[in-house]
Each structure stands twice: as C-alpha cells, then as structure tokens.
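The values are calculated or read from the model by the stated rules, or taken from the named source; none is laboratory data. None of these values were measured; they are calculated from a predicted model. Backbone-built Cβ (ideal geometry, glycine too); neighbour counts: all protein chains shown.
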Amino acid sequence: MDTLAPATLTATATPLVEVRKVRQVYDKGTSGSLVVLDQVDLSLKPGEVIGLLGRSGSGKSTLLRAIAGLLRPSEGEVFFQGRPVDGPTDGVSVVFQSFALFPWLTVLQNVEVGLEAQGVNAAERRKRALAAIDLIGLDGFESAYPKELSGGMRQRVGLARALVVHPKVLLMDEPFSALDVLTAETLRTDLLDLWCEGRMPIESILIVTHNIEEAVLMCDRILIFGSNPGHVIAEIRVDLPQPRNRLDPAFRVLVE
Ligand code: ADP
Ligand code: MG
C-alpha cells in the first residue's frame, strides 16, 4: 500500500478516474424522463482533492454513484485507472451523507463489512478494521453500536469502513452536511490532517459539497456544477504553495 503525499502531485500524472461525456436520464414513468447529467467530463489525478459544488438536484450524487460503479450511466463512460467501470471496485470507496451504517452491528463489525466481499480472512479483517478505527480516532468504541454514537462519530465509522479496503480514491457525498457546524469542522480538520501528513492511505479525494468555504478549504480544484442538466460550467483552482497551509489557522480564518 503506497501513500502518495499530496505534495508529489504532478500536472502530467495519469488520471485515476476519468469521466467522459456522461449523460444520465432517469425514467420518471408517466411524467416522462429527466435528463440529470449531460456532457459531463472530469478527471481526477493522483494526489488531487477535487470538489464538486452545485445546487441540490443538479446531479452530483448521481455522478458520484456512476464513478463508484453503483450506477451505469445512460451514455458515456467512466474509467478507473484506464479501465471502464462496470460495477463497484475495491479501488474506489464512498462515504455517504447519511452514514449508511448497519444499526444491528457494532463499530468493529460495521467496519469489517467493508472487507467481507474481498475474501480477507477473519484475523486479517479484524486487524485491518482495528487499524482503520484507530486511524480515524474511534479507538475504544469498537464494541459500541451506531445508536450509542454522536453524528460525528458515526461518520467516522463511515470513513473507517471506506478506508479499510485501502482504496485509491475516496468519494465523499456531502460527508459533513448532517453534522452540526463544530462537529463538521473538527472532522474536516482531522481528515485534512491525515491527508496532508500522508497518513491516510489513499491517492485522491472527490468531495461533493454545497459549502463553498468547505470546498476552498479542502480542494485543489473546485468544479462548479450547473443544473438542468448537470454539467461542469466552471473550474476554480486553489493553489497553495504547500498542502499543509490548509491546516494553518490563518487560512481557516480567511474562508470562514
Ligand atoms: P444532487 O446530489 O445534486 O442533489 P441527485 O443526483 O441526487 O442530485 O439528483 C438529481 C435529480 O435526479 C433529482 O431531480 C432527483 O430527484 C433525480 N433522481 C435521483 N436519483 C433518481 C432515481 N434513482 N430515479 C429517478 N430520479 C432520480
Ligand atoms: Mg446529493
């Protein structure tokens, strides 16, 4: 497992994810059909954090699902490491706004679930799950059930479950929007910390948000998503001399 520090990003790196001319049309039964995405192009390179910013209903979650292999777009293609995506892959993990935890499983079991499809043996599953739980700051809560945890801690479980498979790409769909402002800020800072210090074993992040401050704080590039149908209408680059500058309190003051 290689950890690519963000600072090693080069403009010429081969994209991990490429979205080409994606179009998604939903069948709305008697009310006809709805074109949600049209002509969507996007590429995510190693070391990059990209933000997808757009209003509710513009198709952001649909695009994320297509990248994760959870939805086959009506037209166009998604590639992961140059290969067409035709289903979920271990290389790409998703963190959902609603956490999507199993209420009847403990923290440890919820995280281990991420590994079950991989045929990893029980001892190895436990070892990796404990490492992910520790990384994300949930040490000591292994036996707790989701209902015993705060929203912020539940989302940490969601993150641990996403990271336990050692994905190359982490997709996050409004990961902080179900949390109160302070909890969201703490989790965001902890994530940035792990990322900037190269302790999070992933290569690139795509984060969907409708919070411009969050996008500026976290991302190298922000894609502005227009609606009806969803497509990229603008791109903002956030050039920081050092990725670590994101952790500088002064930078935070700037965007709040
Ligand atoms: P966003 O994440 O930007 O809010 P979504 O991708 O969730 O946007 O949804 C875009 C549009 O597509 C919305 O109008 C939504 O109601 C519709 N939609 C999303 N998923 C489905 C689906 N499975 N079937 C039909 N319509 C859907
Ligand atoms: Mg959404």
Scanning the stretch 51-103 residue by residue, those more than 16 Å from ligand 2 (Cβ to nearest atom), part of a strand (DSSP E or B) and not aromatic (Phe, Trp, Tyr) turn out to be GLU75, GLY76, GLU77, VAL78, ARG83, PRO84, VAL92, SER93
Output for Cβ contacts, cut-off 6 Å, separation at least six or different chains, first residue in a helix (DSSP H, G or I) and of a type outside the set (Asp, Glu) in the stretch 191-209, second at pLDDT below 90 and within 16 Å of ligand 1 (Cβ to nearest atom), reads none
Reported set for the stretch 94-113 where residues are more than 16 Å from ligand 1 (Cβ to nearest atom) and under 15 Å from the mean Cα position of the chain (by Cα) is PHE99
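For the stretch 67-79, give me each residue that is without any contact (Cβ under 8 Å) to a residue 60 or more places away in the chain, within 15 Å of ligand 1 (Cβ to nearest atom) and out of contact with any helix residue (DSSP H, G or I) (no Cβ under 6 Å at 6 or more places or on another chain). Working first, answer last.
Going through the stretch 67-79, the residues without any contact (Cβ under 8 Å) to a residue 60 or more places away in the chain turn out to be 69-77.
Cutting the leftovers down to within 15 Å of ligand 1 (Cβ to nearest atom) gives us 70-74.
Within the stretch 67-79, LEU70, ARG72, SER74 meet the criteria.
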Exactly one of LEU71, LEU63 is under 18 Å from SER227 (Cα atoms) and modelled with pLDDT of 95 or more, and that residue is LEU63
Against the definition (within 16 Å of ligand 2 (Cβ to nearest atom) and either closer than 21 Å to ARG55 by Cβ or in contact with a helix residue (DSSP H, G or I) (Cβ under 8 Å, 6 or more places away or on another chain) (or both)), how does LEU206 come out, yes or no? yes
Quiz item: Within the bounds of the stretch 213-234, is there any residue that is farther than 24 Å from MET153 by Cβ and part of a helix (DSSP H, G or I)?
Solution: yes
Checked pairs for the stretch 12-37, first of a type in the set (Lys, Arg), second part of a loop (DSSP other than H, G, I, E, B), C-beta under 7 Å and 6 or more apart or across chains, list as ARG23/PRO73; ARG23/SER74
Just wondering, is there one or more residues in the stretch 6-21 that are at pLDDT 95 or above, crowded, with 21+ Cβ neighbours inside 10 Å and touching a helix residue (DSSP H, G or I) at 6+ places or on another chain (Cβ under 9 Å)?
yes
ARG221 fails exactly one of (1) touching a residue at least 60 places away in the same chain (Cβ under 8 Å); (2) among the basic types (Lys, Arg); (3) within 14 Å of ILE136 (Cβ to Cβ), namely (3)
Within the stretch 13-22, the residues that are part of a strand (DSSP E or B) and away from ligand 1 (no atom under 13 Å from the Cβ) are VAL17, GLU18, VAL19, ARG20, LYS21
Scanning the stretch 129-182 for residues that are free of Cβ contacts under 8 Å to residues at least 60 places away in the same chain, in a loop (DSSP other than H, G, I, E, B) and crowded, with 23+ Cβ neighbours inside 10 Å gives ILE136, VAL164, PHE176
Matching residues in the stretch 104-128 (part of a helix (DSSP H, G or I) and in contact with a helix residue (DSSP H, G or I) (Cβ under 9 Å, 6 or more places away or on another chain)) number 15
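Here is a yes/no grid of residues against (1) surrounded by fewer than 17 Cβ atoms within 10 Å (Cβ to Cβ); (2) in contact with a Ser or Thr (Cβ under 9 Å, 6 or more places away or on another chain); (3) touching a residue at least 12 places away in the same chain (Cβ under 8 Å):
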| site | (1), (2), (3) |
| --- | --- |
| GLN81 | yes, yes, yes |
| VAL85 | no, no, yes |
| SER93 | no, no, yes |
| LEU101 | no, no, yes |
| VAL107 | no, yes, yes |
| GLY119 | yes, no, no |
Going through the stretch 33-66 in order, the residues found to be on the phi > 0 side of the Ramachandran plot and more than 12 Å from ligand 1 (Cβ to nearest atom) are GLN39, GLY47
